[in-house]
Amino acid sequence: MIRLHPLLERWTSRPFLAAVLSAAWLSGCAGQGPQTQSGANPADAYTQLGVAYLERDNLPRARGALNRALEIAPDDAETLQAMAMVHQRQGEQRLADDYFRRALESNPDSTRARNNYAAYLYEHGRLAEACSQLELATRDTQYDNRAQLFANLGQCQRDMGDTSAARASLERAQAIDARSPRSYFTLAQLEYSQGNYLRAWEQLQVFKRLAGTTTESQSLAEQIATARGE
């Protein structure tokens, strides 16, 4: 089963969110190497192989395997989004955008494809579009890491300047999974920026209990303490 990476080191930058979102599909696909599951149909087998190479940054082999998969099943959403990520890493942004769109046209219910497309949009500063894709993704109540989606949405909304929506999304992430560290850190940042220093401190302490102290959390703690006159 595809799973989001748990806790990554960086929390606030656009590349960080993009990495988190892209990892949603890559994590767990590759296993121990570029091997395929026994009994998989040929298109799925080539897709698994392509993703395994993609995770290892072997883009020529990833592209070759995915092209073989698309020859067999040209409208497969999983293969199309994997090919989008190949083009994204190669800097071919027009092609990446096209393949992401094709994946979602093929399967509008693919939360993984929508999640990864949001990462692409966020990485390229298309924040309104990224937030829109994330809003759609969060509607998938069966998605294993829905709390992570809401945390991503909250960060996107915060970067858009929509404080109330960001706060609501981050609190929703916490309601779904009370042990979702990044939602607490992002909410701490948001509350600090709004002058709610006690609330920011409380959120930061929960983050530290869940994830330990990081460079970013220590820096924020010092900023909050200074703001509170401590």
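Any read-out appearing in this document is the output of simple, stated calculations on the displayed coordinates, not a laboratory observation. Just so it is clear, the structure is predicted and the values come from calculations on it, not from any experiment. Glycine also receives a Cβ, built like all others from the backbone with ideal geometry; neighbour counts cover every protein chain displayed.
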ask   = What is the spin-label model distance, in nm, from Arg126 to Asp75 if the labels are put 7 Å beyond Cα along the C-beta direction?
value = 2.3 nm
key: Gln205 paired with Ala175, simple spin-label distance in nm, labels 7 Å along Cα-to-beta-carbon   = 2.4 nm
Charge context of Ala113, other residues only, Cβ under 12 angstrom, K/R +1, D/E -1 = -1
Fully extended contour minus Cα-Cα distance, from Ser219 to Ser164, at 0.36 nm per residue = 17.4 nm
key: Residues Thr79, Thr111, Thr163 arranged by fewest to most Cβ contacts within 10 Å   = Thr163, Thr111, Thr79
ask   = Using the alpha-carbon centroid of each, what span in Å lies between the stretch 70-90 and the stretch 122-149?
value = 20 Å
remark   = For Leu210, Leu170, Leu70, ascending order of other Cβ atoms within 10 Å (fewest first) is Leu210, Leu70, Leu170
task = Starting with the fewest neighbours, write out Ile176, Ile72, Ile224 ranked by other beta-carbon atoms found within 10 Å of each beta-carbon.
result = Ile72, Ile176, Ile224
